[in-house]
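The values are calculated or read from the model by the stated rules, or taken from the named source; none is laboratory data. As the structure is a computational prediction, the values presented were derived from the model and not from experiment. Note: ideal-geometry Cβ built from the backbone for every residue, glycine included; neighbour counts use all protein chains shown. Heavy atoms of the whole protein, side chains included, go into the accessibility calculation; ligands, DNA and RNA do not. Shrake-Rupley method; radii C 1.70, N 1.55, O 1.52, S 1.80 Å.
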Amino acid sequence: MLGAAAALAVSAGDVAQADVLFWSTQARPAEEAQAMRDNVLDGFDGEVDFQPNEDGPWLTRLRAEIESGTGTIDVLGSLHGNFSAMNPDNLVDLGDMGVMAASETFNDLGRLGTDTLQYIPWMQATYLMAANREALQYLPEGADIDALSYDELIAWTANVEEATGEAKFGFPAGPDGLKHRFFQGYLYPSYTNGVVRTFASDAAVTAWEAFRELWEHTNPASTNYAFMQEQLLSGDAWIVFDHSSRLAQAFNERPDDFVAFPAPAGPEGRGFMPVLAGLAIPETAPDQDEAKALIEYLMKPEIQIETLRATGFFPVVNVEFPDDLPPSVQAAGAAISAMSGAPDANPGLLPAGLGEMGGDFNRVYVDTFERIILGGQDIRTVLDDQKGRLAEIMQETGAPCWAPDAPSDGACPVE
(Lines give C-alpha, C1' and ligand atoms only; values in the text may rest on other atoms or scores of the structure.)
Protein backbone atom coordinates (compact mmCIF):
# COMPACT_ATOMS: atom_id res chain seq x y z
CA MET A 1 0.00 0.00 0.00
CA LEU A 2 2.88 2.33 0.82
CA GLY A 3 4.45 1.65 -2.57
CA ALA A 4 1.17 2.32 -4.35
CA ALA A 5 0.77 5.60 -2.48
CA ALA A 6 4.27 6.67 -3.42
CA ALA A 7 3.61 5.76 -7.03
CA LEU A 8 0.48 7.91 -6.93
CA ALA A 9 2.53 10.84 -5.71
CA VAL A 10 5.10 10.36 -8.46
CA SER A 11 2.52 10.05 -11.22
CA ALA A 12 0.67 13.10 -9.91
CA GLY A 13 3.93 15.01 -9.81
CA ASP A 14 4.61 14.19 -13.45
CA VAL A 15 1.67 16.37 -14.44
CA ALA A 16 2.67 19.87 -15.54
CA GLN A 17 2.54 21.98 -12.40
CA ALA A 18 2.19 25.70 -11.87
CA ASP A 19 4.48 27.63 -9.53
CA VAL A 20 2.17 27.02 -6.53
CA LEU A 21 0.05 23.88 -6.17
CA PHE A 22 -2.96 24.67 -3.97
CA TRP A 23 -4.33 21.29 -2.84
CA SER A 24 -7.81 21.78 -1.32
CA THR A 25 -10.84 19.87 -0.06
CA GLN A 26 -12.90 23.06 -0.34
CA ALA A 27 -14.60 24.73 -3.34
CA ARG A 28 -15.01 21.35 -5.04
CA PRO A 29 -18.17 22.07 -7.11
CA ALA A 30 -17.19 23.04 -10.63
CA GLU A 31 -18.66 26.53 -10.44
CA GLU A 32 -16.95 27.23 -7.11
CA ALA A 33 -13.60 25.92 -8.35
CA GLN A 34 -13.80 28.08 -11.46
CA ALA A 35 -14.75 31.14 -9.39
CA MET A 36 -11.71 30.49 -7.19
CA ARG A 37 -9.46 30.42 -10.26
CA ASP A 38 -11.05 33.35 -12.10
CA ASN A 39 -12.00 35.72 -9.29
CA VAL A 40 -9.99 34.82 -6.18
CA LEU A 41 -6.60 33.62 -7.34
CA ASP A 42 -6.25 35.64 -10.55
CA GLY A 43 -4.84 38.64 -8.68
CA PHE A 44 -1.98 36.71 -7.07
CA ASP A 45 1.48 37.70 -8.24
CA GLY A 46 2.42 34.25 -9.48
CA GLU A 47 0.97 31.13 -11.04
CA VAL A 48 -1.44 29.03 -8.95
CA ASP A 49 -2.71 25.56 -9.78
CA PHE A 50 -5.88 25.22 -7.71
CA GLN A 51 -6.84 21.55 -7.38
CA PRO A 52 -9.89 20.70 -5.22
CA ASN A 53 -10.42 17.05 -4.28
CA GLU A 54 -12.54 14.80 -2.09
CA ASP A 55 -11.07 14.13 1.35
CA GLY A 56 -9.81 10.65 0.44
CA PRO A 57 -7.65 11.51 -2.59
CA TRP A 58 -6.55 14.74 -0.90
CA LEU A 59 -5.20 12.84 2.08
CA THR A 60 -3.76 9.95 0.06
CA ARG A 61 -1.50 12.14 -2.05
CA LEU A 62 -0.50 14.28 0.93
CA ARG A 63 0.50 11.23 2.97
CA ALA A 64 2.44 9.79 0.05
CA GLU A 65 4.49 12.96 -0.33
CA ILE A 66 5.19 13.20 3.39
CA GLU A 67 6.24 9.54 3.57
CA SER A 68 8.52 9.92 0.56
CA GLY A 69 10.13 13.04 1.98
CA THR A 70 9.61 15.01 -1.23
CA GLY A 71 6.53 16.75 -2.55
CA THR A 72 4.78 18.91 -5.09
CA ILE A 73 2.01 20.36 -2.89
CA ASP A 74 2.72 23.91 -1.70
CA VAL A 75 -0.47 24.98 0.10
CA LEU A 76 -3.15 22.87 1.79
CA GLY A 77 -6.74 24.03 2.16
CA SER A 78 -9.07 21.91 4.28
CA LEU A 79 -11.37 21.73 7.29
CA HIS A 80 -10.13 21.71 10.87
CA GLY A 81 -11.01 18.02 11.22
CA ASN A 82 -8.54 16.99 8.52
CA PHE A 83 -5.74 19.07 10.00
CA SER A 84 -6.42 17.84 13.54
CA ALA A 85 -5.92 14.25 12.35
CA MET A 86 -2.41 15.06 11.07
CA ASN A 87 0.92 14.96 12.85
CA PRO A 88 1.72 18.64 13.52
CA ASP A 89 5.39 17.89 12.79
CA ASN A 90 4.42 17.41 9.14
CA LEU A 91 3.23 21.01 8.86
CA VAL A 92 5.33 24.18 8.65
CA ASP A 93 5.10 26.56 11.62
CA LEU A 94 3.28 29.65 10.35
CA GLY A 95 3.41 31.64 13.57
CA ASP A 96 5.99 34.09 12.27
CA MET A 97 3.91 35.22 9.28
CA GLY A 98 2.02 37.88 11.19
CA VAL A 99 -1.21 36.74 9.52
CA MET A 100 -4.08 35.17 11.43
CA ALA A 101 -7.81 35.27 12.08
CA ALA A 102 -9.55 38.07 13.99
CA SER A 103 -10.85 35.42 16.41
CA GLU A 104 -8.22 34.25 18.89
CA THR A 105 -10.48 31.24 19.45
CA PHE A 106 -9.91 30.21 15.83
CA ASN A 107 -6.17 30.86 16.10
CA ASP A 108 -6.03 28.55 19.11
CA LEU A 109 -7.67 25.83 17.01
CA GLY A 110 -5.03 26.43 14.34
CA ARG A 111 -2.29 25.55 16.82
CA LEU A 112 -3.59 21.97 16.98
CA GLY A 113 -2.71 21.67 20.65
CA THR A 114 0.88 22.91 20.14
CA ASP A 115 2.59 26.21 20.88
CA THR A 116 2.90 27.06 17.18
CA LEU A 117 0.44 27.97 14.44
CA GLN A 118 0.06 24.82 12.34
CA TYR A 119 -2.64 26.17 10.05
CA ILE A 120 -4.05 29.63 9.54
CA PRO A 121 -7.86 29.90 9.76
CA TRP A 122 -9.10 30.73 6.25
CA MET A 123 -12.91 30.86 6.10
CA GLN A 124 -15.94 29.85 8.12
CA ALA A 125 -19.63 28.95 8.06
CA THR A 126 -21.95 28.34 10.99
CA TYR A 127 -25.42 28.48 12.53
CA LEU A 128 -26.92 31.58 14.10
CA MET A 129 -30.03 33.25 15.46
CA ALA A 130 -32.48 35.52 13.65
CA ALA A 131 -35.51 37.52 14.72
CA ASN A 132 -38.34 39.57 13.34
CA ARG A 133 -37.73 43.19 14.29
CA GLU A 134 -41.21 43.22 15.84
CA ALA A 135 -39.77 41.04 18.60
CA LEU A 136 -37.03 43.47 19.58
CA GLN A 137 -39.36 45.61 21.70
CA TYR A 138 -39.83 42.63 24.03
CA LEU A 139 -36.15 42.07 24.82
CA PRO A 140 -35.54 41.90 28.58
CA GLU A 141 -34.43 45.18 30.09
CA GLY A 142 -30.69 45.68 29.69
CA ALA A 143 -30.25 42.76 27.30
CA ASP A 144 -27.80 43.15 24.39
CA ILE A 145 -29.00 41.17 21.37
CA ASP A 146 -25.37 40.63 20.31
CA ALA A 147 -24.43 39.19 23.71
CA LEU A 148 -27.52 37.35 24.98
CA SER A 149 -27.46 34.66 27.64
CA TYR A 150 -29.74 31.62 27.55
CA ASP A 151 -31.65 33.04 30.52
CA GLU A 152 -32.25 36.25 28.57
CA LEU A 153 -33.34 34.31 25.48
CA ILE A 154 -35.85 32.35 27.57
CA ALA A 155 -37.15 35.57 29.16
CA TRP A 156 -37.40 37.19 25.71
CA THR A 157 -39.45 34.35 24.24
CA ALA A 158 -41.67 34.43 27.33
CA ASN A 159 -42.21 38.19 26.90
CA VAL A 160 -43.18 37.70 23.25
CA GLU A 161 -45.66 34.97 24.11
CA GLU A 162 -47.21 37.08 26.87
CA ALA A 163 -47.57 40.08 24.54
CA THR A 164 -48.88 38.22 21.48
CA GLY A 165 -50.63 35.27 23.04
CA GLU A 166 -48.58 32.94 20.83
CA ALA A 167 -45.39 30.93 21.33
CA LYS A 168 -43.13 32.41 18.68
CA PHE A 169 -39.74 30.80 19.20
CA GLY A 170 -39.03 28.59 16.19
CA PHE A 171 -36.74 25.56 16.31
CA PRO A 172 -35.86 23.19 13.42
CA ALA A 173 -37.14 20.07 15.17
CA GLY A 174 -38.66 18.45 12.08
CA PRO A 175 -37.29 15.27 10.47
CA ASP A 176 -35.05 17.30 8.16
CA GLY A 177 -34.14 19.98 10.70
CA LEU A 178 -30.62 20.41 12.03
CA LYS A 179 -31.63 20.15 15.68
CA HIS A 180 -28.79 17.77 16.58
CA ARG A 181 -26.22 20.44 15.66
CA PHE A 182 -27.82 22.82 18.16
CA PHE A 183 -27.35 20.33 21.00
CA GLN A 184 -23.83 19.29 19.93
CA GLY A 185 -22.47 22.73 19.08
CA TYR A 186 -24.48 25.20 21.13
CA LEU A 187 -26.35 23.90 24.17
CA TYR A 188 -23.77 21.39 25.41
CA PRO A 189 -20.66 23.57 24.98
CA SER A 190 -22.47 26.52 26.59
CA TYR A 191 -23.48 24.56 29.68
CA THR A 192 -21.00 21.68 30.00
CA ASN A 193 -17.84 22.73 28.09
CA GLY A 194 -18.02 19.38 26.34
CA VAL A 195 -20.15 17.19 24.10
CA VAL A 196 -19.12 13.58 24.71
CA ARG A 197 -17.30 13.49 28.05
CA THR A 198 -19.99 15.64 29.67
CA PHE A 199 -23.01 14.03 28.00
CA ALA A 200 -24.59 12.78 31.24
CA SER A 201 -23.03 15.25 33.67
CA ASP A 202 -24.91 17.34 36.23
CA ALA A 203 -24.21 20.33 33.99
CA ALA A 204 -25.97 18.49 31.15
CA VAL A 205 -29.03 18.09 33.37
CA THR A 206 -29.00 21.87 33.87
CA ALA A 207 -28.69 22.36 30.11
CA TRP A 208 -31.73 20.23 29.36
CA GLU A 209 -33.67 21.98 32.14
CA ALA A 210 -32.93 25.30 30.42
CA PHE A 211 -33.95 23.96 27.02
CA ARG A 212 -37.16 22.60 28.53
CA GLU A 213 -37.94 26.14 29.73
CA LEU A 214 -37.23 27.49 26.24
CA TRP A 215 -39.47 24.82 24.71
CA GLU A 216 -42.39 26.11 26.77
CA HIS A 217 -42.32 29.23 24.58
CA THR A 218 -41.62 27.39 21.31
CA ASN A 219 -44.22 27.13 18.56
CA PRO A 220 -45.48 23.53 18.92
CA ALA A 221 -45.45 23.19 15.12
CA SER A 222 -41.64 23.25 15.35
CA THR A 223 -41.66 19.45 15.25
CA ASN A 224 -42.45 19.90 11.52
CA TYR A 225 -39.95 22.71 10.81
CA ALA A 226 -36.82 22.25 8.69
CA PHE A 227 -35.79 25.57 7.13
CA MET A 228 -36.54 28.38 9.57
CA GLN A 229 -36.59 31.05 6.84
CA GLU A 230 -40.09 29.85 5.98
CA GLN A 231 -41.40 30.43 9.51
CA LEU A 232 -39.80 33.89 9.68
CA LEU A 233 -41.49 34.88 6.43
CA SER A 234 -44.88 33.47 7.46
CA GLY A 235 -44.75 35.05 10.94
CA ASP A 236 -45.23 31.69 12.64
CA ALA A 237 -41.92 32.32 14.41
CA TRP A 238 -40.35 35.62 15.45
CA ILE A 239 -37.13 34.28 17.00
CA VAL A 240 -35.33 31.30 15.44
CA PHE A 241 -32.13 29.23 15.27
CA ASP A 242 -30.77 27.62 12.08
CA HIS A 243 -27.85 27.36 9.67
CA SER A 244 -27.10 30.66 7.93
CA SER A 245 -27.95 29.16 4.52
CA ARG A 246 -31.39 28.09 5.81
CA LEU A 247 -32.19 31.68 6.83
CA ALA A 248 -31.03 33.37 3.64
CA GLN A 249 -34.37 33.57 1.83
CA ALA A 250 -36.00 35.59 4.61
CA PHE A 251 -33.24 38.22 4.59
CA ASN A 252 -33.08 38.39 0.81
CA GLU A 253 -36.84 38.81 0.37
CA ARG A 254 -37.46 41.21 3.28
CA PRO A 255 -34.12 42.50 4.55
CA ASP A 256 -35.65 45.34 6.57
CA ASP A 257 -37.86 42.99 8.60
CA PHE A 258 -35.28 40.72 10.20
CA VAL A 259 -32.07 40.87 12.21
CA ALA A 260 -29.35 38.22 12.63
CA PHE A 261 -27.44 37.85 15.91
CA PRO A 262 -25.06 35.48 17.75
CA ALA A 263 -26.16 32.41 19.65
CA PRO A 264 -26.65 32.88 23.40
CA ALA A 265 -24.13 32.10 26.12
CA GLY A 266 -24.38 29.77 29.09
CA PRO A 267 -22.26 29.21 32.21
CA GLU A 268 -19.36 27.83 30.09
CA GLY A 269 -19.37 30.50 27.40
CA ARG A 270 -20.98 31.20 24.04
CA GLY A 271 -21.10 27.78 22.44
CA PHE A 272 -21.25 27.76 18.65
CA MET A 273 -20.37 25.29 15.89
CA PRO A 274 -18.00 26.72 13.30
CA VAL A 275 -17.34 24.94 10.05
CA LEU A 276 -13.75 26.17 9.94
CA ALA A 277 -11.40 25.79 6.98
CA GLY A 278 -7.70 26.56 7.20
CA LEU A 279 -4.53 26.98 5.15
CA ALA A 280 -1.32 25.08 5.86
CA ILE A 281 2.02 24.26 4.27
CA PRO A 282 3.31 20.68 4.34
CA GLU A 283 6.93 20.20 5.37
CA THR A 284 7.60 18.77 1.89
CA ALA A 285 6.43 21.91 0.05
CA PRO A 286 8.91 22.67 -2.77
CA ASP A 287 8.61 26.47 -2.42
CA GLN A 288 7.68 27.52 1.10
CA ASP A 289 8.27 31.22 0.46
CA GLU A 290 5.84 31.27 -2.46
CA ALA A 291 3.38 29.19 -0.43
CA LYS A 292 3.49 31.76 2.39
CA ALA A 293 2.97 34.54 -0.15
CA LEU A 294 -0.20 32.83 -1.38
CA ILE A 295 -1.53 32.45 2.17
CA GLU A 296 -0.85 36.12 2.88
CA TYR A 297 -2.74 36.98 -0.30
CA LEU A 298 -5.75 34.80 0.61
CA MET A 299 -6.01 36.47 4.02
CA LYS A 300 -6.36 40.01 2.62
CA PRO A 301 -9.81 41.45 3.47
CA GLU A 302 -10.70 42.10 -0.17
CA ILE A 303 -9.70 38.55 -1.15
CA GLN A 304 -11.70 37.15 1.75
CA ILE A 305 -14.72 38.93 0.28
CA GLU A 306 -14.04 37.39 -3.13
CA THR A 307 -13.71 33.99 -1.47
CA LEU A 308 -17.11 34.55 0.14
CA ARG A 309 -18.60 35.27 -3.28
CA ALA A 310 -16.99 32.15 -4.71
CA THR A 311 -17.70 29.65 -1.94
CA GLY A 312 -20.36 31.02 0.42
CA PHE A 313 -17.89 30.73 3.32
CA PHE A 314 -17.49 33.85 5.44
CA PRO A 315 -14.27 35.78 6.20
CA VAL A 316 -12.25 35.15 9.35
CA VAL A 317 -10.63 38.60 9.28
CA ASN A 318 -12.28 41.94 9.90
CA VAL A 319 -13.89 43.18 6.69
CA GLU A 320 -16.32 45.81 5.48
CA PHE A 321 -19.07 44.00 3.62
CA PRO A 322 -19.78 45.78 0.31
CA ASP A 323 -23.29 46.92 -0.47
CA ASP A 324 -23.62 44.69 -3.52
CA LEU A 325 -23.58 41.50 -1.47
CA PRO A 326 -27.00 39.87 -0.89
CA PRO A 327 -28.74 41.12 2.28
CA SER A 328 -28.55 37.64 3.78
CA VAL A 329 -24.76 37.65 3.45
CA GLN A 330 -24.40 41.06 5.02
CA ALA A 331 -26.67 40.19 7.94
CA ALA A 332 -25.16 36.78 8.59
CA GLY A 333 -21.60 38.03 8.15
CA ALA A 334 -21.93 40.62 10.90
CA ALA A 335 -23.54 38.11 13.29
CA ILE A 336 -20.96 35.41 12.55
CA SER A 337 -18.09 37.83 13.11
CA ALA A 338 -19.57 38.94 16.43
CA MET A 339 -20.09 35.33 17.53
CA SER A 340 -16.68 33.95 16.56
CA GLY A 341 -14.90 37.02 17.91
CA ALA A 342 -16.78 37.16 21.22
CA PRO A 343 -14.52 37.03 24.31
CA ASP A 344 -16.59 34.13 25.66
CA ALA A 345 -16.68 32.18 22.36
CA ASN A 346 -16.56 28.43 22.99
CA PRO A 347 -16.59 26.49 19.71
CA GLY A 348 -18.14 23.04 19.60
CA LEU A 349 -16.55 21.53 16.52
CA LEU A 350 -18.20 19.19 14.05
CA PRO A 351 -17.93 15.55 15.17
CA ALA A 352 -14.83 13.88 13.71
CA GLY A 353 -13.57 10.33 13.33
CA LEU A 354 -16.99 8.67 13.45
CA GLY A 355 -17.04 7.38 9.87
CA GLU A 356 -20.26 5.60 8.97
CA MET A 357 -21.51 5.91 12.56
CA GLY A 358 -21.97 9.67 12.33
CA GLY A 359 -25.70 9.15 11.95
CA ASP A 360 -25.81 6.92 15.03
CA PHE A 361 -23.98 9.62 16.99
CA ASN A 362 -26.51 12.26 15.91
CA ARG A 363 -29.35 9.88 16.75
CA VAL A 364 -28.27 9.80 20.41
CA TYR A 365 -28.86 13.55 20.72
CA VAL A 366 -32.11 13.45 18.73
CA ASP A 367 -33.45 10.57 20.83
CA THR A 368 -32.46 12.41 24.00
CA PHE A 369 -34.34 15.50 22.81
CA GLU A 370 -37.43 13.49 21.89
CA ARG A 371 -37.52 11.62 25.19
CA ILE A 372 -36.86 14.62 27.44
CA ILE A 373 -38.60 17.45 25.62
CA LEU A 374 -41.33 15.77 23.59
CA GLY A 375 -41.88 12.76 25.84
CA GLY A 376 -41.53 14.57 29.17
CA GLN A 377 -39.26 11.88 30.63
CA ASP A 378 -36.96 12.43 33.60
CA ILE A 379 -33.75 14.11 32.46
CA ARG A 380 -31.33 12.16 34.66
CA THR A 381 -32.93 8.83 33.72
CA VAL A 382 -32.71 9.56 30.00
CA LEU A 383 -29.11 10.76 30.13
CA ASP A 384 -27.97 7.72 32.09
CA ASP A 385 -29.73 5.46 29.60
CA GLN A 386 -28.42 7.18 26.46
CA LYS A 387 -24.93 7.40 27.93
CA GLY A 388 -24.42 3.69 27.32
CA ARG A 389 -25.30 3.95 23.63
CA LEU A 390 -23.00 6.94 23.17
CA ALA A 391 -20.13 5.08 24.86
CA GLU A 392 -20.66 2.11 22.50
CA ILE A 393 -20.38 4.39 19.47
CA MET A 394 -17.22 6.04 20.70
CA GLN A 395 -15.58 2.70 21.53
CA GLU A 396 -16.56 1.13 18.22
CA THR A 397 -15.25 4.06 16.17
CA GLY A 398 -12.27 4.80 18.40
CA ALA A 399 -12.83 8.51 17.69
CA PRO A 400 -10.78 10.76 19.98
CA CYS A 401 -12.33 13.81 21.64
CA TRP A 402 -12.77 17.07 19.75
CA ALA A 403 -13.23 20.60 21.13
CA PRO A 404 -14.54 21.65 23.54
CA ASP A 405 -14.00 18.22 25.16
CA ALA A 406 -10.50 17.75 26.58
CA PRO A 407 -8.21 15.68 24.31
CA SER A 408 -8.13 11.92 24.78
CA ASP A 409 -5.74 9.07 24.06
CA GLY A 410 -7.92 6.82 21.98
CA ALA A 411 -11.71 6.82 22.03
CA CYS A 412 -13.33 9.81 23.72
CA PRO A 413 -14.77 8.61 27.03
CA VAL A 414 -18.31 9.30 28.22
CA GLU A 415 -17.60 10.20 31.84
(message) Please verify whether residue 148 is among the hydrophobic types (A, V, I, L, M, F, W, C), over 29 Å from residue 413 (Cα atoms) and under 21 Å from the mean Cα position of the chain (by Cα), treating the condition exactly as stated.
(response) yes
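On the given criteria, is residue 75 modelled with pLDDT of 95 or more, crowded, with 22+ Cβ neighbours inside 10 Å and of a type in the set (Val, Ile, Thr)?
On the way: modelled with pLDDT of 95 or more: yes; crowded, with 22+ Cβ neighbours inside 10 Å: yes; of a type in the set (Val, Ile, Thr): yes.
The answer is yes for residue 75.
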(message) What are the pairs with Cβ atoms under 7 angstrom where one residue, in the range 282-304, is under 20 Å from residue 38 (Cβ atoms) and aromatic (Phe, Trp, Tyr) and the other, located anywhere, is modelled with pLDDT of 95 or more and crowded, with 18+ Cβ neighbours inside 10 Å? Sequence gap at least six, or different chains.
(response) 297/44; 297/303
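Do you know which residues across the range 95-108 are farther than 15 Å from residue 344 by Cα and buried (at least 23 other Cβ atoms within 10 Å of the Cβ)?
Let us first name the residues in the range 95-108 that are farther than 15 Å from residue 344 by Cα, namely 95-101.
If the condition is that a residue be farther than 15 Å from residue 344 by Cα and buried (at least 23 other Cβ atoms within 10 Å of the Cβ), then 101 is the only one that fits.
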(request) Go through the range 28-63 and give me each residue that's closer than 16 Å to residue 290 by Cβ and of a type in the set (Phe, Trp, Tyr). (result) 44, 50
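Got at least one residue in the range 127-145 being over 23 Å from residue 232 (Cβ atoms), under 17 Å from the mean Cα position of the chain (by Cα) and of a type in the set (D, E, K, R)? Working first, answer last.
Here is the first cut: in the range 127-145, the ones over 23 Å from residue 232 (Cβ atoms) are 141-142.
Filter once more, so that each one left must be under 17 Å from the mean Cα position of the chain (by Cα): none.
No: the range 127-145 contains no residue that is over 23 Å from residue 232 (Cβ atoms), under 17 Å from the mean Cα position of the chain (by Cα) and of a type in the set (D, E, K, R).
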(message) If a residue counts only when it is in contact with a Gly (Cβ under 8 Å, 6 or more places away or on another chain), which helices (runs of 4 or more DSSP H) contained entirely in the range 109-197 have at least 1 such residues?
(response) 150-164, 188-192
(message) Let me confirm something: among 388, 353, 359, which residue is open to solvent by 20 Å² or more (accessible area, probe 1.4 Å), of a type outside the set (A, V, I, L, M, F, W, C) and assigned to a loop (DSSP other than H, G, I, E, B)?
(response) 353
(message) Give me the residue from the range 301-327 that is of a type outside the set (A, V, I, L, M, F, W, C), in contact with a helix residue (DSSP H, G or I) (Cβ under 9 Å, 6 or more places away or on another chain) and assigned to a loop (DSSP other than H, G, I, E, B) and, out of that set, surrounded by the most Cβ atoms within 10 Å (Cβ to Cβ).
(response) 312
